[in-house]
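Here's the structure we're looking at; comments come further down.
None of the figures in this text is laboratory data; all of them are computed from the coordinates on show. Just so we're clear, the structure is a prediction, and the values are computed from it rather than from any experiment. All Cβ positions, even for glycine, are placed from backbone atoms using ideal geometry, and neighbour counts span all protein chains on display.
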Amino acid sequence: MLRQDIHAGTLLHESFVYSWANSRVAPFLLGKRRIDRIYDLCFSADGIQLIAAAGNKVLVYEALSGTLLHSLKGHKDTVYCVAFAKDGKRFASGGADKNVIIWTSSMEAILKYSHNDAIQCVSYNPVSPILASCSSSDFGLWSPEQKNVQKYRVNSRICACSWNDDGTLLALGLANGTVTIRNRSGEEKAKIERPGGNQSPVWALCWNINRTDQTELLCVTDWGNRTLSFHLPNGMQIRSEKHLGFNACRIVPYRHAGGDYLLVCGSNRQCQLFSSEGYALGPVAECSKWVWATATKLNSTVVAFGSEDGTVGCHQLIFSTVHGLYKERYAFREHLTDVVVHHLLTEEKVRICCRDLIKKIAIYKNRLAVQLQEKLMIYEQQESEQLHYVIKERISQNFECSLMVICTNHIILCHEKKLQSVNFQGVKEREWTLDSPVRYIKIVGGPANKEGLLLGLKNGQVSKIFLDNPFPVELLKISVPIRCLDLSSSRQKVAIVDDNNTCSVYQLSNGELLCQEPHANSVAWNIHCEDMLCFSGQNWLNIKASNFPCHQQKFQGYVVGFYGAKIFCLQGYSMTTLQVPLSAPMYQYLDRKLYREAYEVACMGVTEADWSQLAHESVNALELDIATQAFQRIQDYKYLELMESIANQKLLGGPQANLNHNVFIGDILAWQGKFNEAARLYRKCGRSDKAVALFTDLRLFDQAQEYLSSDSTADRMTILKKRADWAQNIHDPRAAAEMYLNAGETLKAVEIIAANGWTSMLVDASRKLDAKDQASTLRIISDHLRRLGSVQLACDILRRLGDTAALAAALVECGAWTEALALVKQHPDLSRNVYLPYARWLAEQEQFIEAQQAYYEAGCLEEAERVLNTLAMNAVALNKYEDASHFFWLFAKHRLQLAAKAESPNETLKHVTQFHALERKSSAYYAYKAIHRFTNEPFTSSLPEALFNMARYLLHETLHGPLAGISQFAVVYSLMKHAKTLGAYKTAKHAVTLLQNLKIPAQFQESVDLAVLSIRAQPYQDAEDLLPLCYRCSMSNPLYNPRGNCCIHCGENFIFSFISFEILPLVEFYVEEDISAVEAQQLIKTEPPKRTLDAKNEGEDYQLYENDRQSSADPFASYFYPHQLRDQTSKIVLNRDALLQLKPTEVIVCRWPSPLPSQYYRNFLPDVALKHCKHCNKIFHADDYELHYLQKNQCPFCRSNRSSPTF
């Protein structure tokens, strides 16, 4: 829809507010001698006074009324120029008498200075009190702070001068066509030479602001070319010159009404307005002779002009609003030459620069018409882009009209009573003549080329015309001239504002007056609501819906459009969008139970509280559709759930749904908190169950009981359960648990009891349960008891259930290892379930040995080995060699146990081999502990002989490869030191040789060097008493044996005492294969038969003499023949008879578990007491063993005591 304002039209002459032009001052002031010309004008800084240069006087007028206030006499000749300082304290005048007079604001002359020629122009700096005075030959700069005037000569007459806005540059226009730009020191910064030279004097120039980029421009006019040109401060010309067609005498900037303009006066006898780009817009004033002077009032629309005929005029310029409106698109004129199309909803804007005075604007759909001074431009909006217009047609005609509208393919021009339809080629197609002048036009739409227009006439007639119909149609007529009108969205009603400021609404179909409202100046229907309009007047905005009273709010301006909840208002020169809540109209509809209309109003824009009110009132009236949409708008999901429930009940109820009308009302009352009313309504409808459910949900159990019937046991149980829920929610767990138990909700009761740690209640509850029917609940109770620490009670329940696996798991989880292990003895199948977590717990407690055994019992052999290996290697790394020896011994025992369980010979052999390797490591680390202490500690409890024996033992053990953690240097160093001490110099020298191949630690270097020097001085032999004796072959052995710890002659392995590491007098023998270990043991324990012995041998125990080797009394005799008679490296194998000949006290039997055979040793020195450890099969000197056992109550090697189990 188009809305065309009646004020859109002419620019200037019709807009004067006041004028005191055409009053010639000279005849009244100077006595009728002559008429004085007005050469210059200026306003005071406050704009109250107007200063005029008239003849040889300076005249002071009151700017508002034109009253002459002062006539100042000081000049002796014609006054050519005046200028007022920006601070308002003084003004200056200059004239043909070559003098410049400084006047105060109280009209007193305070200073006079002169030039060599007549003063042509003066100008005050806008930011400082500097005055520039220009004559025909020079210009001067004066300021109050300086006593002298600084003057600068020029080569031509100065005709005009102007300071820029920041006061840094002064432009001088010369009579030779030159413009010179100087700074405040008088230095020339730029120079402009106009074409024509002396024939183009520059009589007018000024500084202005470029509107596009806010840069300063110098506007220059000359008389030779009669053009207006624009230059930058550096003198460079921009834009093309604009032809004026007259000699410009003065040009000043006019900055008001939202734009920058230029006022130019001169020989055309006019004061004319130009755009900042130099386009002529129209005359401001016209005189009978040249207009020599014009001035503008600061921050005002008032302009003054002075003519050669003595006329002084003062006008106020008011620019009419030129605009057009179609729905939400508003087109308006800006800066007189631009069209701005503004989308009032999205705030998007587009500017169209026309570079000419815009007289009319019309907009309709995608069409935009702009009337300029000599042509009419038609624009079309592109479909692909929002607010992008391109030129569609250009009509080069000047149409005289008061109103203009545009249709799809036509322009409608209105002038008084006539309307013309012109196509886009400028051809008139149709004309209508009406009975009265047209005051208002509105397009009501229609197909292309057939649009309809609604006309409001001055005689009060409302007519309608169609572009394809030559005859107007009268719709109705009122008695008062029409000011404006608007048509409703359905085109059924028309709203008219007349000259009596009355807004009347008529029904178009029959002309019926529907309503009238006073104090209106404009009116608009709501586009989205047929029965709603708004009108403005007397600073009030009125919104009227249907025939309801108006809703008012403060407002200034004119209403031009009503779009939903947005009102488009014209305020001064600008269009604004006012967002208004439509709460009042909505409540007016609600008061009359018009819910559908109220919802339509709410959709256009109300507050959230208004939506809530609409929703609740609609639901009370069972307007479910409207209520649902309103609740969706405010996102009230609870009420939406209620709406859906009622809708489903209606859907399922079918024809009987209407019978449940009171039930639905009851539901709504319940949601609104009116519970008693809802319950009574439920009972009235026969739905007491809903009342029970309502009060139960509200925890009003006593009231719920009132609505129960006598046979509703299930409902009573339900209430009891909900009551228990409520007790739990209010933190009364004991009552809740008891009620749950009574209601049969045992699980909920158990959870509450367990959460509060009431063990006795749990036990009582479990005793009431049957083990067969409620086993799962009993298990839950058992779990809670176990968690609460009542393991025994939990186990009692599990025993009732007969669940040994769960019982074991419970004991393990609670750490009741004693009971768990006892359970495993009764149920071996649970071994892994108990021993595995037990082993992990032992490991966490750093009881690694016990953990290893538990892993073994659990069948986790790899984990058991890993524990032992880790312990052993960590002990080695920490230099705890005694512990390392013990761990390796345990590891070896573990391998022996695996060998006993092996299923194949190869696997058995593998485990046995690993057993011997681990046992060797254990023995080596056991011996190395004393060596390490000797080399790393200041004191040692071991005797030199023992350290010497240990060093020899380790040296021989490491011949086949080093062991981790055993320092070869420490072994050899200990051997060297103690060999030297004991007199084994040959062995000591051999140790020195070995040390040469080893890296000696720095702290031992000096000690080694001294020992080496001392040993070299000794003989190369070992003491005889130190040489080891083989008790099998009775041969002495060197202290260092490359073959290891065995006889160098017969190869018999030496048996060491594992405290002093002396070689024991033991010889190993074997039994025949058909003799079992048990039988061999019995044979050995049997006392040998008595025999006759020689006197010399009585009391001796099988001493081997040369003449006794052939004797058959000793079963070993046959194995001790000379080597040429018998291979002394063969095994000693005894039969049953030989075993019977042995004394039990002379034999030591080392029993090994399967698959290892038992080992048999004969002590050839029965007087030497030996001790055999049955746990590790190590043999010791009895005294050493007993001493150590008394000290530590354990075996020195395996740490077992007499109560420890054997293999």
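Quick look at the values:
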item: More than 22 Å apart - percent of Cα-Cα pairs taken over the stretch 834-947; result: 42 percent
item: Dipole of the chain [Lys/Arg +1, Asp/Glu -1 at C-beta], most positive-end residue of Pro1065, Ala822, Gln516; result: Gln516
item: Rg(Cα) / (2.2 N^0.38 Å) computed for the stretch 219-338, rounded to two decimals; result: 1.16
item: Normalised alpha carbon radius of gyration of the chain [divisor 2.2 N^0.38 Å]; result: 1.96
item: Whichever lysines have a C-alpha closer than 29 Å to that of Lys825, once near sequence neighbours (fewer than 8 apart) are set aside; result: Lys772, Lys893, Lys901, Lys1174
item: Rel. contact order, % - alpha carbon contacts under 8 angstrom, at least six apart, the chain; result: 4 percent
item: Amide H partners (placed H, <5 Å) of Ala204, local residues excluded; result: Thr221
item: Calculated diffusion of the stretch 951-1089, Stokes-Einstein form, Kirkwood radius summed over Cα pairs, 10 °C and 1.306 mPa s, µm²/s; result: 91 µm²/s
item: Reciprocal mean inverse distance between Cα atoms of the stretch 409-473 - Kirkwood radius, Å; result: 11.8 Å
item: Sum of -39500 (n - 2.57) over DSSP H runs of 4+, divided by residues of the chain (222 nm, nearest 500); result: -9500 deg cm²/dmol
item: Normalised convex hull volume, the stretch 806-898, alpha-carbon set, Å³ per residue; result: 88 Å³
item: Long-range HN-HN contacts of Glu429 with modeled amide H, under 5 Å; result: Ser421, Val422, Asn423
item: Rounded tilt (10° steps) of 688-697 against the dominant C-alpha axis of the chain; result: 70 degrees
item: Calculated diffusion of the stretch 265-392, Stokes-Einstein form, Kirkwood radius summed over Cα pairs, 10 °C and 1.306 mPa s, µm²/s; result: 96 µm²/s
item: Cα radius of gyration and Dmax for the stretch 48-99 (Å); result: 11.0, 33
item: Distance histogram for the stretch 866-1017 (every C-alpha pair counted, 5 angstrom bins, percent rounded to whole numbers); result: 2, 10, 17, 18, 17, 12, 9, 6, 5, 3, 1, 0, 0
item: Unit Cα scatterers, Debye sum, the stretch 516-646: log10 I(q)/I(0) for q = 0.10, 0.19 Å⁻¹; result: -0.36, -0.97
item: The stretch 929-1024: C-alpha gyration tensor shape, a/c 1.5 cut-off, then a/b vs b/c; result: rounded
item: Gyration tensor over alpha-carbon atoms, the stretch 486-569, equivalent ellipsoid semi-axes in Å; result: 19, 15, 11
item: Principal-axis tilt of helix 985-995 within the chain, Cα atoms, nearest 10 degrees; result: 20 degrees
item: Per residue, the convex hull volume that the Cα atoms of the stretch 403-554 enclose (Å³); result: 111 Å³
item: Alpha-carbon Rg with Dmax, taken over the stretch 361-475, Å; result: 14.0, 45
item: Two-decimal Rg/Rh across the stretch 63-161, once Rg and the Kirkwood Rh are taken from alpha-carbon atoms; result: 0.97
